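The block underneath contains the structure these notes are about, expressed in structure tokens.
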Amino acid sequence: MTEQIVILDFGSQYTQVIARRVRECNVYSTIVRYDTPAAKVAAMNPSGLILSGGPSSVYAKDAPLPDKGIFKLGVPVLGICYGLQLLAHFLGGRVEKGQKREYGKGTLTIADRQCALFRNLPAKLQVWNSHGDKLTRLPRDFVVVATTENSDYAAIEHPKKRFFGLQFHPEVAHTPRGREVLSNFVHHVCGCGRDWTMRNYIEQAVEQIRAQVGQERVILGLSGGVDSSVAAALIHKAIGDQLTCIFVNNGLLRAREAEVVQEVFGRHFKIKLQYEDASRLFLKRLKGVTEPERKRKIIGRTFIEVFQAATKRAGKAKFLAQGTLYPDVIESVPIAGNPAALIKSHHNVGGLPRNMKFKLVEPLRCLFKDEVRQLGLELGLPREIVLRQPFPGPGLAVRCLGEVTGEKLQVLRRADAIVVEEMKKADLYYKTWQTFAVLLPVRSVGVQGDERTYDWTLAIRAVESQDGMTADWVKLPYDLLEKISLRITNEVRGLNRVVLDLTSKPPGTIEWE
Ligand code: XMP
């Protein structure tokens, strides 16, 4: 059984970040609800527990509290922020409302240099805090390990039980050496090895897929995006020709997208690929439709219809494979002020119908996106696919404002390809979250050569983001923008004006529709 750290989620917006940091230490981690019964936690055989932060106060009427039994499992516990306050609350300390909220950078002074959490770290560390309540009396048998300007109990330890509490957040980037603190906890306190790697995971997943599927056949909807592509390569490695991938061309793809998928999966990996060209049907249904939500609905419905018909043609299969990721399946804690719940519902847009009579194969269910990319590279997928930027299900339809026509899509595709190509040349493409072109239904007067033109307008959108929920527009270098603009107006017929989108999210959204 894989060694693991179990993280109890008390509603912190950073719970998933904690889980990722632990995995970056090559130790598997799982997130469970704060009120998971101790017996269930014990059955997971954890090497250690982490209690996340959270927006509540331990004294609030409806404060999320864990099963007391988790403190009797005999495994090390690390409480972060609210997690530290829980340790105090349950083990005889005192927590009170702080005089002032401690928010932002602080300097940690380590008093006890022997403490395993701060092994090989300097005596002073920059840390990041975000808490109102504070500890005012140590829980029984705990000692102070470190202090900050505002707190005499910034890090505490119960040496015998191996319980630790941190008032600051070691998981966030603003605590530059926080990763080492977490690494010390999982390796030097909990004694975990470094077995969680994507190379090892391939073996484990291949075995699991074979055991689940047996001799049956599996169908997978391949979109060309990172998740479905990695799932396809992994499942193919496990069961070869028992897998059939269905790729639907909805006519709303970017330049060369359909070709790349056929090249990589069909010719290179030799995966059975059923290519469904439904572009004419999609365009027919979108004719005359200008309202964004209607466009999305038509595309969603048509996709399901086309995909269902395609699965019938693919022959009898018992399983449907999906590239579901860990953040989609973590049971989120519905605590007020926890944005994690919002992130989840937003990203569940689109997807495949639930009423299809298949059993599911979801080999990426326990992985985070960065792990999926790593896995893709291990499986030999090209960077072009593994490092792909997010692309919405409704495709170019949400970037071709107003009515979508074949002609407009052609113009948009050419312009978008130039944006992508120049961004790659400038070595900026894979460093931004998304960079793309948007075709605006605005005609303006121009002059090209000696001729007066009356053509469409193209907007360039480049944004930086961590999760798509918020985003900042990217200040691309002027000479790059100049090159892109010049190439577009010279090379793409039908466009005579290029503009730059200077809107962050909020108030804008990333896509224009
Ligand atoms: P917005 O435009 O809402 O987009 O700021 C946030 C992120 O989600 C992507 N997006 C979608 N992804 N199906 C998807 O799979 C969709 O319908 C969809 N709409 C937007 C968008 O590209 C951005 O990364």
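Please work out if Asp479 is modelled with pLDDT of 95 or more, closer than 20 Å to Leu396 by Cβ and either in contact with an Asp or Glu (Cβ under 9 Å, 6 or more places away or on another chain) or of a type outside the set (Phe, Trp, Tyr) (or both).
Considered against the rule, which asks whether it is modelled with pLDDT of 95 or more, closer than 20 Å to Leu396 by Cβ and either in contact with an Asp or Glu (Cβ under 9 Å, 6 or more places away or on another chain) or of a type outside the set (Phe, Trp, Tyr) (or both), Asp479 comes out as no.
At least 2 residues that are at pLDDT 95 or above and open to solvent by 40 Å² or more (accessible area, probe 1.4 Å) in each: list the helices (runs of 4 or more DSSP H) lying fully within the stretch 290-368 that qualify.
Values: elements: 292-313, 326-329, 340-347.
Passing ranges, in order: 292-313.
Among helices (runs of 4 or more DSSP H) lying entirely in the stretch 1-98, which contain 2 or more residues that are touching a helix residue (DSSP H, G or I) at 6+ places or on another chain (Cβ under 8 Å) and within 16 Å of Ile330 (Cα to Cα)? Talk me through it step by step, then tell me what you get.
Numbers: elements: 15-24, 38-43, 82-91.
It comes to 15-24.
Given the condition in contact (Cβ under 8 Å) with a residue 60 or more places away in the chain, within 16 Å of the ligand (Cβ to nearest atom) and crowded, with 17+ Cβ neighbours inside 10 Å, answer yes or no: does some residue in the stretch 264-275 qualify?
Within the stretch 264-275, none of the residues are in contact (Cβ under 8 Å) with a residue 60 or more places away in the chain, within 16 Å of the ligand (Cβ to nearest atom) and crowded, with 17+ Cβ neighbours inside 10 Å.
Suppose we filter the stretch 105-125 for residues that are in contact with a Phe, Trp or Tyr (Cβ under 7 Å, 6 or more places away or on another chain) and open to solvent by less than 20 Å² (accessible area, probe 1.4 Å); how many remain? Let's see the steps before the verdict.
From the stretch 105-125, those in contact with a Phe, Trp or Tyr (Cβ under 7 Å, 6 or more places away or on another chain) are 105-106, 108, 110, 117; that's our starting set.
Keeping just the survivors that are open to solvent by less than 20 Å² (accessible area, probe 1.4 Å) gives 106, 108, 110, 117.
Residues meeting the conditions: 4.
Considering Gly300, Gly323, Gly288, which residue is closer than 26 Å to Leu409 by Cα and within 15 Å of the ligand (Cβ to nearest atom)? Can you show your working first?
Numbers: Gly323 fails: closer than 26 Å to Leu409 by Cα; Gly288 fails: within 15 Å of the ligand (Cβ to nearest atom).
On inspection, the qualifying residue turns out to be Gly300.
Given the criterion away from the ligand (no atom under 16 Å from the Cβ), assigned to a loop (DSSP other than H, G, I, E, B) and farther than 30 Å from Arg20 by Cβ, identify the matching residue among Arg443, Arg413, Arg493, Arg452. Before the answer, list the steps.
Numbers: Arg443 fails: assigned to a loop (DSSP other than H, G, I, E, B); Arg413 fails: assigned to a loop (DSSP other than H, G, I, E, B); Arg452 fails: assigned to a loop (DSSP other than H, G, I, E, B).
Answer to the check: Arg493.
Here is a check on your reading of the model: is Glu513 within 16 Å of the ligand (Cβ to nearest atom) and either touching a residue at least 40 places away in the same chain (Cβ under 8 Å) or polar (S, T, N, Q) (or both)? Don't jump to the end; show me each part of the working.
Details: within 16 Å of the ligand (Cβ to nearest atom): yes; either touching a residue at least 40 places away in the same chain (Cβ under 8 Å) or polar (S, T, N, Q) (or both): yes.
So Glu513 passes the test.
Take the conditions touching a residue at least 12 places away in the same chain (Cβ under 8 Å) and crowded, with 18+ Cβ neighbours inside 10 Å and apply them to Lys408. Does it pass? Before the answer, list the steps.
Details: touching a residue at least 12 places away in the same chain (Cβ under 8 Å): yes; crowded, with 18+ Cβ neighbours inside 10 Å: yes.
Yes; evaluated as a whole, the condition is true for this residue.
Checking Gly54 against (1) surrounded by 22 or more Cβ atoms within 10 Å (Cβ to Cβ); (2) at pLDDT 95 or above, which single condition isn't satisfied?
It fails just one condition, (2).
Which numbered condition trips up Gly402, out of (1) closer than 24 Å to Pro506 by Cβ; (2) within 16 Å of the ligand (Cβ to nearest atom)?
Of the numbered conditions (1) closer than 24 Å to Pro506 by Cβ; (2) within 16 Å of the ligand (Cβ to nearest atom), the odd one out for Gly402 is (2).
One line per residue, one yes/no per condition, for (1) open to solvent by 40 Å² or more (accessible area, probe 1.4 Å); (2) of a type in the set (A, V, I, L, M):
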site	(1), (2)
Leu138	yes, yes
Val143	yes, yes
Lys161	yes, no
Gln167	no, no
Val181	no, yes
Asn200	yes, no
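Could you tell me whether Gly132 is closer than 30 Å to Val361 by Cβ and either of a type in the set (Phe, Trp, Tyr) or open to solvent by 10 Å² or more (accessible area, probe 1.4 Å) (or both)? Walk me through it before giving the result.
Working: closer than 30 Å to Val361 by Cβ: no; either of a type in the set (Phe, Trp, Tyr) or open to solvent by 10 Å² or more (accessible area, probe 1.4 Å) (or both): yes.
No.
Select, from Glu384, Glu378, Glu371, the only residue that is modelled with pLDDT under 95, more than 15 Å from the ligand (Cβ to nearest atom) and not aromatic (Phe, Trp, Tyr).
Details: Glu378 fails: modelled with pLDDT under 95; Glu371 fails: modelled with pLDDT under 95.
Exactly one residue qualifies, and that residue is Glu384.
Can Glu207 be described as over 17 Å from His131 (Cβ atoms) and among the acidic types (Asp, Glu)?
Numbers: over 17 Å from His131 (Cβ atoms): yes; among the acidic types (Asp, Glu): yes.
So Glu207 fits the description; yes.
Which pairs have Cβ atoms under 6 Å, sit 6 or more apart or on different chains, and link a residue in the stretch 378-397 that is over 23 Å from Glu293 (Cα atoms) to one that is away from the ligand (no atom under 16 Å from the Cβ) and open to solvent by 40 Å² or more (accessible area, probe 1.4 Å)?
Cβ pairs passing all conditions: Glu378/Arg199; Val386/Leu377.
Which numbered condition trips up Ala397, out of (1) under 22 Å from the mean Cα position of the chain (by Cα); (2) in a helix (DSSP H, G or I); (3) within 16 Å of the ligand (Cβ to nearest atom)?
(1)
The values are calculated or read from the model by the stated rules, or taken from the named source; none is laboratory data. This one's a predicted model, so the numbers in the text were calculated from it and none came from an experiment. For neighbour counting, all protein chains shown are included, and Cβ atoms are generated from backbone atoms with ideal geometry for every residue, glycine included. These accessible areas exclude ligands, DNA and RNA; they are computed on the full protein's heavy atoms, side chains included. Shrake-Rupley method; radii C 1.70, N 1.55, O 1.52, S 1.80 Å.
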